[in-house]
Amino acid sequence: MRTVGALTRADLADSINRRVGLSRADSLDLVEGILEHMSNAMAQGQNVKISGFGTFILRDKSERLGRNPKTGVEVPITPRRVMTFRASQMLKERIAEVE
């Protein structure tokens, strides 16, 4: 598996700047606005689906007993909300392509 640098907000804004022609500041505002909208939706308990890319899914996990693997002592794990990402079939196929 090869290691690659991370895609950042600045990278997204730069791509919008080059492809659409918006100023760098407007491009960054657009990226921030989209991420803010997605974050707010998830904070309100909504899943976020981006067609052709994937779905960010929220799940509420109930309290359960866990075990410390080192000592074997049972410890309660508090209830929490977790987010998972399920890639679309199109994204899975694109990732699986070998160069």
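Any read-out appearing in this document is the output of simple, stated calculations on the displayed coordinates, not a laboratory observation. What you see is a predicted model, and the numbers here were worked out from it, not measured in a lab. Please note: Cβ atoms are built from the backbone with ideal geometry, for glycine as well, and neighbour counts cover all protein chains shown.
Among ARG18, ARG59, ARG67, the largest mean-square fluctuation in a Gaussian network model of the chain (Cα springs under 10 Å) belongs to ARG67.
Provide ILE34, ILE95 in ascending order of the number of other Cβ atoms located within 10 Å of each residue's Cβ, fewest first. Walk me through the intermediate numbers first.
Details: ILE34 12, ILE95 8.
The most exposed by this proxy come first: ILE95, ILE34.
GNM on the chain, alpha-carbon springs under 10 angstrom: the most fluctuating residue among GLU32, GLU74, GLU63 is GLU74. Of all the options VAL20, VAL75, VAL48, the one that moves most in a Gaussian network model of the chain with Cα springs shorter than 10 angstrom is VAL75.
Let me spell out the model: positive unit charges on the Cβ of Lys and Arg, negative unit charges on the Cβ of Asp and Glu, origin at the Cα centre of the chain. What dipole size does that give, in debye rounded to 20? Please report the intermediate quantities before stating the final value.
Details: 16 positive and 12 negative charges, 94 e Å.
Value, rounded to 20: 460 debye.
Entry note, the chain: the mean residue ellipticity at 222 nm calculated from DSSP H runs of n ≥ 4, each adding -39500 (n - 2.57), is -13000 deg cm²/dmol after division by the residues and rounding to the nearest 500. Which one, ALA87, MET38, GLY66, projects farthest toward the positive side of the charge dipole computed for the chain from Cβ point charges (K/R +1, D/E -1)? Farthest towards the positive pole: GLY66.
Suppose a student asked you for the relative contact order of the range 47-99, using Cα pairs under 8 Å spaced at least 6 residues apart; what percent would you report?
Values: 76 pairs, mean separation 20.6, N = 53.
Relative contact order of the range 47-99: 39 percent.
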